[in-house]
Amino acid sequence: MGLVTENPISGTVEEEGESSKQLNVPPDLEALVQKRLASGAFANAEDVIRCALETLDAEENWTDEERRVLDEKIDRALEQVAAGRVYGPEEAQRKLAGLREAHLANLG
């Protein structure tokens with residue numbers, strides 16, 4: 001896929017068995033693509049767009065059950081906060097360290 005912009009960020013790419021496509025990208029989207037490319041996380045504009053669309057697709061395809069489970073977890077967390085059953089970062093680190101140790105002990 002090639003992107004067509006005022007200042008092109010990619011040439012036309014043709015893959016075996018696929019026709020090439022061109023996409024008109026407004027400057028604000030071009031800036032976002034360039035930002036991602038500059039981060040070094042993506043090799044080209046096509047990879048940026050692929051990742052964005054796959055992420056959007058995954059977000060839109062959450063099942064009702066997945067949403068319900070997440071909502072329940074959030075509700076439980078809010079109830080714990082309201083009841084004062086919260087702790088600070090030091091205690092959280094201690095608890096996580098304990099869980100990690102238990103996990104490692106169960107592995108070996």
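Any read-out appearing in this document is the output of simple, stated calculations on the displayed coordinates, not a laboratory observation. Every value quoted in this text rests on a predicted model; they were computed, and no experiment measured them. Counting neighbours? That spans all protein chains shown, and the Cβs are built from the backbone with ideal geometry, glycine included.
Which FRET efficiency value, to the nearest 0.05, do you get for A102 and D75 by plugging their Cβ-Cβ distance into 1/(1 + (r/R0)^6) with R0 = 25 Å?
E(calc), rounded to 0.05, equals 0.40.
If I model a spin label at Y87 and A41 as a point 7 Å from the Cα along the Cα→Cβ vector, what separation in nanometres do I get?
Reported label-point gap for Y87 and A41 is 3.2 nm.
Using modelled amide H (1.01 Å from N, peptide plane; none on Pro or chain starts), what sits under 5 Å from the amide H of L23, excluding residues fewer than 5 places away?
Placed amide hydrogens put G2, L3, V4 under 5 Å from L23.
List the trypsin sites (Lys or Arg not before Pro) within segment 59-89 that fall in a DSSP loop (any state other than H, G, I, E or B) and whose Cβ has at most 14 other Cβ atoms within 10 Å.
Passing both the DSSP loop test and the Cβ count: R85.
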